[in-house]
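Asker: Questions regarding the structure given below will be posed in turn.
No value in this document is a laboratory result; all are computed from the given coordinates. For clarity, every value in this text was computed on a predicted model and none was experimentally measured. All Cβ positions, even for glycine, are placed from backbone atoms using ideal geometry, and neighbour counts span all protein chains on display.
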Amino acid sequence: MLEFDAGQRQALQALNETSFVERVRLELLRDQPELGAEPELAQRMLRALRVAQQWGVDDKLMGEFVRLEAAAPGFHEQPAVKAWITRPGRSASQRFADYLCVVRWRGRHQGAGKE
């Protein structure tokens, strides 16, 4: 059986993270090519992925977390967001899913009362 030492496992994890972020970034660029003008996009998305991992967000929501970072730079750095998602009582994934629902609802209803 093939076994990796700690350094090799760490390098493999970093490669997996970078590959994941690149796939999500390319999907975003296909739908929103204007994001390609931002040179720091991949680095921001990678940092967001690592924050989501640290907080315990499930793998199935990682793509949404990273996409939200592309749309709203630094959203996870806001004290209220961090406090909500890391608050005890429910998982970070459940709280992030709730947060996504609110963000999407606001996006759909933002201009509704201004006409």
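Table: residues versus (1) among the hydroxyl-bearing types (Ser, Thr, Tyr); (2) surrounded by 12 or more Cβ atoms within 10 Å (Cβ to Cβ); (3) within 12 Å of the chain's Cα centre (by Cα).
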{"position": "LEU35", "(1), (2), (3)": "no, yes, no"}
{"position": "GLU40", "(1), (2), (3)": "no, no, no"}
{"position": "ARG44", "(1), (2), (3)": "no, yes, yes"}
{"position": "ALA48", "(1), (2), (3)": "no, yes, yes"}
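Asker: Restricting to the stretch 21-50, what's the tally of residues that are more than 15 Å from LEU100 (Cβ to Cβ) and either among the basic types (Lys, Arg) or in contact with a His (Cβ under 9 Å, 6 or more places away or on another chain) (or both)?
Answerer: So the answer is 6.
Asker: If you don't mind, there's one more thing I want to ask. Assigned to a helix (DSSP H, G or I) and not hydrophobic (A, V, I, L, M, F, W, C): does that describe ARG67?
Answerer: On the way: assigned to a helix (DSSP H, G or I): yes; not hydrophobic (A, V, I, L, M, F, W, C): yes.
Considered against the rule, which asks whether it is assigned to a helix (DSSP H, G or I) and not hydrophobic (A, V, I, L, M, F, W, C), ARG67 comes out as yes.
Asker: Taking GLN10 and the conditions (1) closer than 20 Å to ARG104 by Cα; (2) out of contact with any helix residue (DSSP H, G or I) (no Cβ under 9 Å at 6 or more places or on another chain), which numbered condition does it fall short on, given that it satisfies the others?
Answerer: (1)
Asker: Kindly indicate which of ARG30, ARG90 is in a loop (DSSP other than H, G, I, E, B) and of a type outside the set (S, T, N, Q). Break it down into steps so the answer makes sense when it comes.
Answerer: Numbers: ARG30 fails: in a loop (DSSP other than H, G, I, E, B).
So the residue among ARG30, ARG90 that is in a loop (DSSP other than H, G, I, E, B) and of a type outside the set (S, T, N, Q) is ARG90.
Asker: How do the pairs read when you match residues in the stretch 76-97 that are under 13 Å from PHE65 (Cβ atoms) with residues anywhere that are aliphatic (A, V, I, L, M) and part of a loop (DSSP other than H, G, I, E, B), using Cβ under 6 Å and keeping only pairs 6 or more apart or on different chains?
Answerer: Once the first residue is under 13 Å from PHE65 (Cβ atoms) and sits in the stretch 76-97, its partners that are aliphatic (A, V, I, L, M) and part of a loop (DSSP other than H, G, I, E, B) give ALA92/VAL57; SER93/VAL57; PHE96/VAL57.
Asker: Additional query: Restricting to the stretch 1-27, and then to whatever is part of a loop (DSSP other than H, G, I, E, B) and charged (D, E, K, R), can you tell me which residue is nearest to ALA70 (Cα to Cα)?
Answerer: By that ranking, first place goes to ASP5.
Asker: Of these, LEU35, LEU61, which one is part of a helix (DSSP H, G or I) and under 15 Å from ALA92 (Cα atoms)?
Answerer: Details: LEU35 fails: under 15 Å from ALA92 (Cα atoms).
It is LEU61.
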